[in-house]
Each structure stands twice: as structure tokens, then as C-alpha cells.
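*Asks:* Structure incoming, see below.
The values are calculated or read from the model by the stated rules, or taken from the named source; none is laboratory data. Keep in mind the model is a prediction, meaning the values are calculated, not measured. Because the Cβ atoms are built from the backbone with ideal geometry, glycine has one as well, and the counts that use them run over all protein chains shown. These accessible areas exclude ligands, DNA and RNA; they are computed on the full protein's heavy atoms, side chains included. Shrake-Rupley method; radii C 1.70, N 1.55, O 1.52, S 1.80 Å.
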Amino acid sequence: ALNKAIRDALIDAPGIGDGLDQWKNEPAVFTRRPLPDDAPARCILINPPSAQGDEDGLDSPRPWFIKDVVVYGALPDDFRTVEEIADLIYLLFHRKRFSVQPEGYSVIDIVATGPTPAPVDDESTVGRLVSLTIRLRRNS
């Protein structure tokens, strides 16, 4: 549910979803690795959690996740666009708990860090990473 909520927020955000290439008639935002073989150069990848846990509320689960959102593009054409989209991702989520609405949960808070350079597989790709720390509370 969290991946879908993040993906929906990214696609709907001005300058983010419309700044990406299209894949199957939608903005290219992917929620699993590896990317499809036919994925376009300018896309976003929502990685699996790099860490997760539960703060164990007295009578409700309070899971937390650290998720990396990565913007990719082709050099040299997409360099500035990738940086701009990554900045917009940070602004979309940082301290804006209502920016994501995962089904069955309320967001306690979101802290974004970055953007930082992201690992890439070759010298013709540029990537920027925004890390999200998201704390949730299950709705009763």
C-alpha cells in the first residue's frame, strides 16, 4: 500500500509526473527492481525499504520505513531535468504527512533527505536519490 501511495503522489505532482517519459501510456514510475527492459531513460524507481521496523504502539502497530526514491535520466540531455525532479520530490514529501495516503494507515510524519547522487550502471546515465523516512499508524 505504501508503494502505491508514493507512486500516486509522484505521478500527480506538478513537474514530477509530467516531467517523466511515458511507459505504457503512464508516467514512468516503477515500484520494483529491476526496471523493465523497455523502461525509458527518464524515470523514477521506488526502491524496496532499505530499513523498516515498528515502534510498537500500546494498542496499535506503528510501522516505519526508509524508502529511496531515485530519478534516472540519460546524459547529457536529462541532467538538469533529473536534478529538478529530485528537488521537487524532496519538496513534495519533506514534513508533509498528507502528501501520502496509504490505505489503512495514517502518516505520523515524513522526513526527506537528499537529493544525493544515485548509483548508476553506466556513464551515460544520471541519477539522483531522495530518501524518505515514513512513520505510520494503523487506522482503527
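*Asks:* What are the residues in segment 11-54 that are surrounded by 13 or more Cβ atoms within 10 Å (Cβ to Cβ), in contact with a strand residue (DSSP E or B) (Cβ under 7 Å, 6 or more places away or on another chain) and in contact (Cβ under 8 Å) with a residue 40 or more places away in the chain, if any?
*Replies:* Matches in segment 11-54: Leu20, Ala41, Arg42, Ile44, Ile46.
*Asks:* Mind counting the residues in segment 110-129 that are at pLDDT below 95, over 14 Å from Ala74 (Cα atoms) and loosely packed, with under 14 Cβ neighbours inside 10 Å?
*Replies:* Number of matching residues: 0.
*Asks:* Residue check, Asp18 against (1) among the acidic types (Asp, Glu); (2) farther than 21 Å from Thr116 by Cα; (3) part of a strand (DSSP E or B), all met but one. Which one?
*Replies:* (3)
*Asks:* Inspect all residues belonging to segment 42-50 and state whether any of them is part of a loop (DSSP other than H, G, I, E, B) and basic (Lys, Arg).
*Replies:* yes
*Asks:* Looking only at segment 91-109, count every residue that is among the aromatic types (Phe, Trp, Tyr) and open to solvent by 60 Å² or more (accessible area, probe 1.4 Å) and tell me the total. If you could, list the steps in order and put the result at the bottom.
*Replies:* Step one: list which residues in segment 91-109 are among the aromatic types (Phe, Trp, Tyr), which gives 93, 98, 105.
Checking the rest, the ones that are also open to solvent by 60 Å² or more (accessible area, probe 1.4 Å) come to 98.
So the answer is 1.
*Asks:* Out of the residues in segment 59-87 that are in contact with a helix residue (DSSP H, G or I) (Cβ under 8 Å, 6 or more places away or on another chain) and closer than 24 Å to Ser124 by Cβ, state the one that is most open to solvent (accessible area, probe 1.4 Å).
*Replies:* Glu84
*Asks:* May I pose another question? Can you name the number of the only condition in (1) in contact with a helix residue (DSSP H, G or I) (Cβ under 8 Å, 6 or more places away or on another chain); (2) in a strand (DSSP E or B); (3) not charged (D, E, K, R) that Gly53 fails?
*Replies:* So Gly53 meets the others, but not (1).
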